[in-house]
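The block underneath contains the structure these notes are about, expressed in structure tokens.
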Amino acid sequence: MAETGTVALAGRREWIGLAVLTLPTMVAMLDLNVVILALPRLGAALHAGSSEQLWITDIYGFLIAGFLVTMGRLGDRIGYRRLLLSGAGAFAVLSVAAAYTTSPELLIAVRALLGIAGATIMPMTLALIRNMFKDAKQMATAVGLWSMAMMAGISLGPAVGGLLLNSFWWGSVFLIAVPVMVVLLALGPALLPESHNPTSGRLDFVSVALSLAAILPLIYGLKELARSGLAVTSVVACVVGVSFGIVFVRRQRRLADPLLDLSLFGARAIGGGLALYLLAGLALTGCGLLLSQHLQLVEGFSPLTAALWMLVPAAVMVIGIQIVMQLAKRVRPGSILTGGMLIAAAGMVVLTQVDAVGGLPTLMLGVGVVFAGVNAVPALTNQLVMQSAPPDKAGSVGSLSTTAGELGSALGIAGLGSLATLFYQGRVQVPAQVAPETAAAANESIAGAIAGARQLPTAVGNDLLTAARETFNTAFANVAGLCALVFLVLAVLAFATLRKVPLIGTQPDQDDMTTPQPSDLVA
């Protein structure tokens, strides 16, 4: 590193190290969705039932969300590089194991372990970036590039999976991670510095158990709400998760050395940034879910074609992040985020005008505008949060940022997916010739209408499909209208909480930071 004043500037080693860190970040996010298109082949090869296929898809994300806070705190204690490399090694081995499993039960178990290993990657890469780039401007650029890698991984998952499955067997979708993790393991010890907090106490295993008991049932319940509607199991799971969450928070307040330092939320940039990240993620994920459904169920595209269409707004977001990174050098983040939320609200208004027939141009225009506005959130909130993080708690703060994103995604799928179902069910104008059982299925979901239409004479089936698609389109428009209101509220939140936060790349004011606990950071 070169010295300028009292701040050490990152050199070639740190920037190469950043490139190495972005690769596992992308892969960890890609693994959330890459398995989706492989499910039909995977299910046939392993004789996996529908329930088993759902667990194969979901368990990875469940365990990532559940262990993020624990891994962030563990990294503060034992060292960010050590934990990252340990997690990367486990991830590579488990990816090979997943590719060659011979039963659905074994694959579910391996995917669960992959989730635990994956939980080390996101907070540790952020923590390392926080400590590698001491200069605020350099750190802003580094975190922006990291955010681009994260969004690219999330967006590319289905498309990459589809392309691999065109040439290879289903296990190939798991092997993508292996060369990336090998590169990290080979270059990490030479490029990445080690740092940790020597005064950090032992992990409180009761708090670890409480955090898992809070997050896992909550995420499960929210996903079940989206999948099956208002059922006893999903509601009970959510109540259990929230109850344990309350107990967890109370315990953290009593502990001298908590698993999660709640005082971190007192920093304006951290508290406001995390709230914005969570709520914007809610609206954006719900939008992505409905876009995927609209492309497949209304437009009639195959899953792979729908995934390729979804690369368009993803490309808008990645390009937009670059623009935001440049704009943030001259404009305060609160102003950029407020404007971004207003743009996203305008995009949602465009989506309320999508037609069931020939509505693809309007659909893609609206989604593109939404993503153009939302790109400011991952680009800036991660920077705000990590810039305001005490260096000795970078792992914990990094885990909070990632957890906010995970919870926002789960809430978006559950909340907006359930609202779309509520607006759809019982509102299809079923043709009189359709049998009561088929009519009931059509009024339950558009997928039921599509399945029922295949069993009917062509003319009647087409009429049923048209009615179902129009009803779904109306539900889509209603949800888009609600999302527009959410983004307007987020614009107010961004302005109220972040308008005084200084430019990205400048030293935060004292009231934008949590006062660090006395400790000597070992590096």
Checklist entry - Taking one equal scatterer on every alpha-carbon of segment 317-409, how large is log10 of I(q)/I(0) by Debye at q = 0.14 1/Å? => result -0.61
Item to check | Packing-based ranking, highest mean first, of 370-380, 87-97, 437-447, 241-251 given that Cβ atoms within 10 Å are counted | outcome: 370-380, 87-97, 437-447, 241-251
Checklist entry - Highest mean first, what order results for 326-334, 313-321 on Cβ atoms within 10 Å? => result 313-321, 326-334
Checklist entry - Per residue, what volume in Å³ does the convex hull of the Cα atoms of segment 44-159 enclose? => result 106
Item to check | Ellipticity estimate at 222 nm from DSSP helix runs (n ≥ 4, -39,500 (n - 2.57)) divided over the chain, nearest 500 | outcome: -25000 deg cm²/dmol
Checklist entry - Quick one: Kirkwood hydrodynamic radius for the chain, alpha-carbon pairs, angstrom, one decimal? => result 23.7
Item to check | Estimated distance in nm for a label pair at residue 16 and residue 489, the labels positioned 7 Å out from Cα along Cα-to-Cβ | outcome: 4.9
Checklist entry - Taking only the alpha-carbon atoms of segment 264-501, what semi-axes of the equivalent ellipsoid follow from 5 times the gyration tensor eigenvalues under a square root, in whole Å, largest first? => result 39, 17, 14
Checklist entry - If you average the sequence gap of Cα pairs under 8 Å that are 6 or more apart and divide by the length of the chain, what percent do you get for the contact order? => result 22
Checklist entry - Cα centroids of segment 449-497 and segment 282-300: how far apart, whole angstrom? => result 9
Checklist outcome for this item: If 146, 55 are placed from fewest to most neighbouring beta carbons inside 10 Å, the sequence is 55, 146
Checklist outcome for this item: If one compares the long axis through the Cα atoms of helix 333-351 with the longest principal axis of the Cα atoms of the chain, the angle in degrees, nearest 10, works out at 10
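All of the numbers you see were taken from the coordinates with simple rules; none came from a lab. If you're wondering where the values come from, they're calculated on a predicted model, not measured in any experiment. Counting neighbours? That spans all protein chains shown, and the Cβs are built from the backbone with ideal geometry, glycine included.
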